[in-house]
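Enquirer: Could you have a look at this structure, given as structure tokens, before my questions?
Bear in mind that the values in this text are calculations on the coordinates, not laboratory data. Bear in mind that the values here come from a model prediction, so they are computed numbers and not experimental data. Cβ placement follows ideal geometry from the backbone for every residue including glycine, while neighbour counts extend to all protein chains displayed.
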Amino acid sequence: MPDGGHAFSQLNALVAERMGVTLSDLDCLDALNRHGPATASALARFVDLTLGSVSRMIDRLDAADCIKRVPDPGDRRKALIEPTASGLARVRSYYAGLAACTLDDLAGFTEAELAEIQRFIDKTRQSTTAELTRLRNTPAADAASPAGHDKDTAE
């Protein structure tokens, strides 16, 4: 698993670099693609950044022609950020090879096996999210002790 995670991290970093954006910017595009247009404050929650950082992120994504600002129909004083079709197409183009390989890789599995793979992916995502939350809520000096393990009783 760590090797796969590292490979994904490297791939995402390379895609972001080639698009002229940061990893957080790429996360933002993913959030916009999945959730639709959002305010800057909603984006800050999606990507876990401060509003100031999101403001700079929006400027970078705008300069890279990946997003556009549109009036919020519910409140004309606000702007919604939405991905551009060309920005999303650029992202998709970088991942097209991996998507094709993944479909080929999954073709040899039965429906039951695919269901188990999905169950594993879901459980791993839940565990990763729980560990991220634990580490964020634990002082750095105490964070090295894995969840559910008492560092004083470890043998």
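Enquirer: For the chain, what does the helix formula give at 222 nm: sum of -39500 (n - 2.57) over DSSP H segments with n ≥ 4, over the residue count, nearest 500 deg cm²/dmol?
Expert: Working: 6 runs with 100 residues, N = 155.
Value at 222 nm, helices only: -21500 deg cm²/dmol.
Enquirer: Place a +1 charge on the Cβ of each Lys and Arg in the chain and a -1 charge on the Cβ of each Asp and Glu, then give the dipole magnitude about the Cα centre in debye, rounded to the nearest 20. Don't skip to the answer; put the middle values down first.
Expert: Details: 18 positive and 23 negative charges, 179 e Å.
Dipole of the chain, to the nearest 20 debye: 860 debye.
Enquirer: For the range 1-136, with the dipole built from +1 on Lys and Arg beta-carbon atoms and -1 on Asp and Glu ones, taken about the Cα centre, which of ASN12, LEU29, LEU114 lies farthest toward the positive end?
Expert: Projecting each Cα onto the dipole axis, the largest value belongs to LEU29.
Enquirer: Apply the membrane-span-like helix rule to the chain: whole DSSP H runs, Cα extent along the own long axis of at least 24 Å, mean Kyte-Doolittle hydropathy at least -0.5. List the helices found.
Expert: Values: long enough: 2-19 (25 Å, -0.17); 85-106 (28 Å, 0.42); 111-136 (37 Å, -0.82).
Passing helices, by number: 2-19, 85-106.
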